[in-house]
Amino acid sequence: MDLRNPGQAALSPLAGSRAVQGAILVILFSLLSLQDAAAHDPGLSSLTIQQRTNTLEATLTLAVKDAAQVAELDEDHDGIVSQAEFAQTRLQLETAAARQLFIAPDGKVAKAQSVHSRLDENNNVEVRLNFDAVAFSNLEIQSKLVASLPLGHRQYLQIQNSTGQTLFERLLSATADRATVEMPDAHSSIGASEAAGSFANFLSLGVKHILTGYDHLLFLFGLLLVARGFFSSLGIITSFTIAHSITLAVATLHLVQIPSRIVEPLIAASIVFVGIENLLRGDIPSARRMVAFGFGLIHGFGFASTLREAGIGSGTGGIVLPLFSFNLGVELGQIMVAALALPVIWKLRENPMFIARWAPACSAAVVLLGSFWFVQRVWVT
């Protein structure tokens, strides 16, 4: 009787399983080198152009870390831009904005007659420019500023009439930084084709945000690591989704505001909590859905920073469509990740070795990464 074949047959699946399990840990530990995951990088700003009597008012809103790419705002390089620092360096930012923003009514480039900027309470920078513009039939806009911002940055362009009604919206990028608008009559609103384009853009932005939101993904991974089947996983994901959808909406609408210096460490703390709970209990806790819901509320405030830091929600026009499509994109991204990860997790959990050794090792890695981000975020903020 040849004992080598049975031995080989027994070792082969185990070796394959260990390879998969080892790959999970390698991926988790490799995230330690991702310094950009220490805080959300929304990669989104906004440019709102509104018709006034014989003028056009352009309002550019940037997260302060993005504005610091355009002008040297943080003079002492401590990672924080104070009001005093901003007052001393605002002229540099205003000059850059006026030089790189082009508005041409009926093909004639208008010159900014005044430029004012401020650092608001949400740590956003707002630059307001006024251009002379009488009656015109079309408007050309070019924002070269996008090219000065981090790779992949998007700028949400809105054209509004004098009552604040949105006439046109689009996401600009470094490679598509122009837009030409045929101005409708005063009673017209955004067209169906433009609305569809904006929906698709924000949908894509939501998917991209969750796929690059390593802290959110790690939290979800920690939640699902001990899930035993489809319905258990579905309940956890549903609780998390409902919770962060609620706070994403209320934060973007400015109904509830929590500073990012509080939200970001709490998101990291939620990762640590889930990892420790996995280690202590070893199986899916009975209250795991409530944990997903409770911490999901905090994660929703993190998602909201993407829209809020761009100034979306600060005005009356163009908020419902970005909010809905961005949130839908986040949900689609979660479904994509879960659809890929859950079958692997369920398959691995069939192996007693995984439950006994590798699941705790993965949970320990979750705790380690969450602790790293928590310390880094508290230190930075």
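By the scheme Lys and Arg +1, Asp and Glu -1, what is the net charge of all other residues having a beta-carbon under 13 Å from that of A98? Working shown, then result.
Working: positive: R90, R99, K111, R128, K144; negative: E94.
For residues surrounding A98, the net value is +4.
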_Accessible surface, 1.4 Å probe, highest first, among residues R261, R377_ = R261, R377
*Under 13 Å, Cβ to Cβ, from V366 - net charge with Lys/Arg +1 and Asp/Glu -1*: -2
*Heavy atoms only, probe 1.4 angstrom, no DNA, RNA or ligands counted: give me M353, M336, M183, M290 ranked by accessible area, highest first.*
M290, M336, M353, M183
*Straight-line reach from K208: which lysines have Cα under 26 Å away, leaving out those fewer than 8 places along the same chain?*
K65, K144
*Counting other Cβ atoms within 10 Å of each Cβ, which GluC sites (Glu not before Pro) in the stretch 81-164 have at most 10 and sit in a DSSP loop?*
E121
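The values are calculated or read from the model by the stated rules, or taken from the named source; none is laboratory data. As the structure is a computational prediction, the values presented were derived from the model and not from experiment. We place every Cβ from the backbone using ideal geometry, glycine too, and count neighbours over all the protein chains shown. Side chains included, ligands, DNA and RNA excluded: accessible areas come from the protein's heavy atoms. Shrake-Rupley method; radii C 1.70, N 1.55, O 1.52, S 1.80 Å.
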